[in-house]
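Visitor: Have a look at the structure that comes next, please.
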Amino acid sequence: MPTDPTEVFFDLFEPLPQHGPGSEASTLKALSYLKDIPKQPRILDLGCGAGLRTVLLAKATGGTVIGMDLKSSLVERLEAAARKAGLADHVTALEGSMKELSFPEESFDVIWSEGAIYNIGFEKGLKYWRQFVKPGGYVVVSEVCYVTEDIPEELESFWDEEYPEIEQASILSALATGAGYEMIAEFNLPASDWKDNFYDPLIQRLEELAVKYRGDSVAEEVINRTRREIDIFTRYHGVHVYRFFIMRR
């Protein structure tokens, strides 16, 4: 019996050090635009994965950070990472959904989400999360988007299948303004944030699973779709990018 594709997907991605494009340098660059947050800010990191950035935010700010993810195994990895970094008192790991937050209004100085807002939708997420940020507080996200007007047909077809909500960066900026934010800064993640930190480890994992699931048609489809994504990135980076958006309520 073929393997469930969801099982293969998690087997592929869960062991990776991070689950989307990004780097310590890009996180710190985004953080540098938050000029007037408290000395010990209260931060919510949504879709935190294994918590690399959650721990970094706690270390860089001296504040308290809640990292939230749907997968209990990733929450456990965050807890372990915080202990290893000596930041267990500054980091709380929670299992939960970014779509259903139970915090009081205006609980946080900063809401952070790298490469995960697609799970709720860019505009919907910004509108929903706004109530949980203090007046003058920040929402910081990274999201895939187009940054040129001329979109090759192959690339457009790929995103129509994988993520039809992808937009031009200028449209995302306008949506943020319409959701009640001041846009403080935007910048594109460098290609190395995709290749070195995400796709290189993913390629190695793909080779491992190609052996593990050889002959399993469902698993091979997941593997081949992921290989296609990497190929698309390699050939069209600069047309589509991951981009940080730093916004203030």
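None of the figures in this text is laboratory data; all of them are computed from the coordinates on show. Computed from a predicted structure; not experimentally measured. Using ideal geometry, Cβ is built from the backbone for each residue, glycine included, and neighbour counts are taken over all protein chains shown.
Visitor: When only Cα pairs under 8 Å and 6 or more residues apart are kept, what is the percent relative contact order across region 1-65?
Guide: 32 percent
Visitor: While we're here: Can you sort Cys48, Cys145 from fewest to most other Cβ atoms within 10 Å of each residue's own Cβ? Please report the intermediate quantities before stating the final value.
Guide: Numbers: Cys48 30, Cys145 21.
Exposure proxy ranking, most exposed first: Cys145, Cys48.
Visitor: Expressed as an acute angle from 0 to 90° and rounded to the nearest 10, what is the orientation of the C-alpha long axis of helix 217-236 relative to the principal long axis of the chain?
Guide: 60 degrees
Visitor: Return the loop-located trypsin sites (Lys or Arg not before Pro) in region 1-48 (DSSP other than H, G, I, E, B) with at most 14 other Cβ atoms within 10 Å of their own Cβ; answer none if there are none.
Guide: The qualifying sites are Lys35, Lys39.
Visitor: Now for a separate question. Sort out for me the Cα centre separation of region 110-152 from region 1-77, rounded to whole Å.
Guide: 15 Å
Visitor: Using +1 on the beta carbon of Lys and Arg, -1 on that of Asp and Glu, and nothing else charged, what's the dipole of the chain about the Cα centre, debye to 20?
Guide: Value, rounded to 20: 1200 debye.
Visitor: Below 8 Å, C-alpha to C-alpha, sequence gap of six or more: please give me the relative contact order for region 128-218 in percent. Could the numbers behind the result be given before it?
Guide: Details: 21 pairs, mean separation 18.1, N = 91.
For region 128-218, the relative contact order is 20 percent.
Visitor: Further question: What order do you get for Thr3, Thr177 when you list them from fewest to most C-beta neighbours inside 10 Å?
Guide: Going from least to most buried by this count: Thr177, Thr3.
Visitor: Read phi for every residue in region 111-124 and hand back ³J(HN,Hα) as whole Hz from Karplus 6.51 cos²θ - 1.76 cosθ + 1.60, θ = phi - 60°, with x for Gly and Pro.
Guide: Couplings: 10, 10, 7, 9, x, 10, 5, 4, 5, 10, x, 4, 5, 4 Hz.
Visitor: Put +1 on the Cβ of each Lys and Arg and -1 on the Cβ of each Asp and Glu in the chain; which of Pro5, Ala58, Ile111 then has its Cα farthest toward the positive end of the dipole?
Guide: Ala58
Visitor: For helix 52-61, what angle does its Cα long axis make with the longest principal axis of the chain, in degrees from 0 to 90 and rounded to 10?
Guide: Roughly 20 degrees between the two axes.
Visitor: Right, something else. I need the GluC sites (Glu not before Pro) found in region 1-106, filtered to DSSP loop residues with at most 14 other beta carbons within 10 Å of theirs.
Guide: Glu100, Glu105, Glu106
Visitor: When the helix-only estimate is applied to the chain (DSSP H runs of n ≥ 4, each -39,500 (n - 2.57), divided by the residue count), what is the mean residue ellipticity at 222 nm, nearest 500 deg cm²/dmol?
Guide: Helix contribution divided over all residues of the chain: -12500 deg cm²/dmol.
Visitor: In degrees from 0 to 90, rounded to the nearest 10, what is the angle of the helix 72-84 Cα long axis to the longest principal axis of the chain?
Guide: Computed tilt is about 60 degrees.
Visitor: Nearest 5 is fine: what % of DSSP beta bridges in the chain come out antiparallel, could you say?
Guide: DSSP beta bridges in the chain are roughly 40 percent antiparallel.
Visitor: Please order Asp69, Asp196, Asp11 by the number of other Cβ within 10 Å, starting at the fewest.
Guide: Values: Asp69 26, Asp196 13, Asp11 17.
Ascending number of Cβ neighbours within 10 Å: Asp196, Asp11, Asp69.
Visitor: Also, quick follow-up: Roughly how many nanometres apart are two label points built 7 Å out from the Cα toward the Cβ at Ser73 and Ile184?
Guide: Label at Ser73, label at Ile184, 3.5 nm between them.
Visitor: Would you mind calculating the relative contact order of region 1-154 from Cα pairs under 8 angstrom and at least 6 residues apart, reporting the percent as a whole number? Mind showing how you got there, number by number?
Guide: On the way: 238 pairs, mean separation 31.9, N = 154.
The normalised contact order for region 1-154 reaches 21 percent.
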